[in-house]
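What follows is one structure encoded as structure tokens, with my remarks underneath.
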Amino acid sequence: MDLGLKDRVAIVAAASKGLGKAVALGLAREGAKIALCARGEAELRATAAEIPTECLALTVDVSVESQVAQFVRAVVERFGRIDICIANAGGPPARQFESASISDWRAAIDLNFMSTLYLARETLPLMKQARWGRFLTITSVAVKQPIDGLILSNSVRSAVTGLVKTLSNEYAPFNVLVNNVCPGYTATERLKALGAKPEHLIPLGRVARPEEFADVVVFLASERASYITGSSILVDGGMVRSS
Ligand code: NAD
């Protein structure tokens with residue numbers, strides 16, 4: 001199947017490692033030009049060096065509006081357009097209700113909700129003008145089934161799905177498709193940091209490889225995924241128990 005991604009221009013946010021990096025590499029292998037960002041310069045440079053197509057890599061904190069706006073401007077200057085935007089960021093820390101401070105809540109909202117909003121504000125009008133676009137968010141299975149001890153993630157990511165569903169309706173007339181992709185447990189540094197040993201919770205009996213998650217995102221970003229919008233798609237090895 002030709003995914004029709006050759007020479008498409010894709011932003012992949014928070015992509016120096018983990019799921020973002022796997023998505024950037026997956027899109028590039030299909031011929032897309034890539035704009036990457038993350039906060040840490042050294043790791044970002046190392047990842048950019050692995051991208052086989054034309055690549056712009058800039059240090060950006062996606063929770064800061066002015067940095068996101070500057071990044072998107074730089075991408076347009078370099079490539080002339082934006083076809084695909086993958087909104088991603090790190091995850092908030094593990095907390096229970098009584099251990100989460102107000103500043104924890106504000107930081108989680110900035111990191112996972114406002115960053116998505118900033119990227120959407122900067123990129124969707126351009127896609128609308130071009131009458132083609134794919135805006136994808138990376139959230140978590142937590143939007144379908146809350147994970148114990150992750151109250152910040154469970155709450156804030158559900159706000160992202162409300163945003164995604166609403167945007168999908170507003171932008172559908174312009175052939176701009178907006179979807180959310182929900183990773184289950186996937187072997188990245190985030191999983192190590194959380195110290196999770198979840199295999200017994202997963203019908204497939206193992207955590208995912210980042211590439212297994214990335215393959216789904218690459219398809220949704222492609223020409224071939226032309227009739228999917230407003231969906232939250234699980235890549236979770238069967239972990240969420242509802243049908
Ligand atoms: P990771 O920690 O391996 O990588 C996170 C990436 O985001 C890194 O490149 C980091 O530099 C970048 N980053 C973090 N904060 C940033 C910021 N403010 N601005 C710019 N870049 C920033 O994490 P991951 O496993 O790849 O997870 C990606 C997302 O998916 C996270 O939100 C995570 O919570 C979520 N998620 C992961 C899993 C999993 O099992 N790995 C499961 C469910 C949800």
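The values are calculated or read from the model by the stated rules, or taken from the named source; none is laboratory data. What you see is a predicted model, and the numbers here were worked out from it, not measured in a lab. All Cβ positions, glycine included, derive from the backbone under ideal geometry; neighbour counts span all protein chains shown.
I need a count of the residues in the stretch 186-195 that are outside any loop (DSSP other than H, G, I, E, B) and either more than 8 Å from the ligand (Cβ to nearest atom) or without any contact (Cβ under 8 Å) to a residue 12 or more places away in the chain (or both). Of the residues in the stretch 186-195, 2 are outside any loop (DSSP other than H, G, I, E, B) and either more than 8 Å from the ligand (Cβ to nearest atom) or without any contact (Cβ under 8 Å) to a residue 12 or more places away in the chain (or both).
Hey, can you tell me all the residues within the stretch 103-117 that are aromatic (Phe, Trp, Tyr) and either surrounded by fewer than 16 Cβ atoms within 10 Å (Cβ to Cβ) or within 15 Å of the ligand (Cβ to nearest atom) (or both)? Once the filter is applied, which keeps residues that are aromatic (Phe, Trp, Tyr) and either surrounded by fewer than 16 Cβ atoms within 10 Å (Cβ to Cβ) or within 15 Å of the ligand (Cβ to nearest atom) (or both), the stretch 103-117 yields only Phe113.
Identify the residue in the stretch 201-230 that is farther than 23 Å from Arg29 by Cβ and at pLDDT 95 or above and, among all such residues, is surrounded by the most Cβ atoms within 10 Å (Cβ to Cβ). The residue in question is Thr229. Checking each residue in the stretch 134-181 for being buried (at least 19 other Cβ atoms within 10 Å of the Cβ), over 13 Å from the mean Cα position of the chain (by Cα) and small (Gly, Ala, Ser) picks out Ala142, Ser153, Ser155, Ser168.
Residues that are in a helix (DSSP H, G or I) and β-branched (Val, Ile, Thr) are absent from the stretch 128-138. Of the helices (runs of 4 or more DSSP H) entirely within the stretch 1-83, those holding at least 1 residues that are touching an Asp or Glu at 6+ places or on another chain (Cβ under 9 Å) occupy 18-29, 65-79. Can you pull out every residue in the stretch 1-20 that is exposed (fewer than 15 other Cβ atoms within 10 Å of the Cβ) and over 24 Å from Val235 (Cα atoms)? Passing the criteria: Lys6, Asp7. Residues that are among the small types (Gly, Ala, Ser) and surrounded by fewer than 19 Cβ atoms within 10 Å (Cβ to Cβ) within the stretch 62-89 comprise Ser66, Ala69, Ala74, Gly80, listed in sequence order. When Ala100, Ala130, Ala42, Ala38 are screened for being buried (at least 23 other Cβ atoms within 10 Å of the Cβ), at pLDDT 95 or above and either out of contact with any strand residue (DSSP E or B) (no Cβ under 8 Å at 6 or more places or on another chain) or closer than 22 Å to Lys192 by Cβ (or both), only Ala38 passes. A single entry from Val9, Val62, Val68, Val76 fulfils the requirement of being within 15 Å of the ligand (Cβ to nearest atom) and either charged (D, E, K, R) or over 22 Å from Pro183 (Cα atoms) (or both): Val68.
Per the listing Leu36, Leu44, the residue uniquely within 8 Å of the ligand (Cβ to nearest atom), at negative phi, free of Cβ contacts under 8 Å to residues at least 60 places away in the same chain and in contact with a Cys (Cβ under 8 Å, 6 or more places away or on another chain) is Leu44.
Listed here are the residues, each with its yes/no results for (1) within 11 Å of the ligand (Cβ to nearest atom); (2) touching a Gly at 6+ places or on another chain (Cβ under 8 Å).
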| position | (1), (2) |
| --- | --- |
| Ser153 | yes, yes |
| Val178 | no, yes |
| Gly184 | yes, yes |
| Leu220 | no, no |
| Ile228 | no, no |
| Asp236 | yes, yes |
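Residues that are surrounded by fewer than 24 Cβ atoms within 10 Å (Cβ to Cβ) and under 21 Å from Val72 (Cβ atoms) within the stretch 21-32 comprise just one, Ala28.
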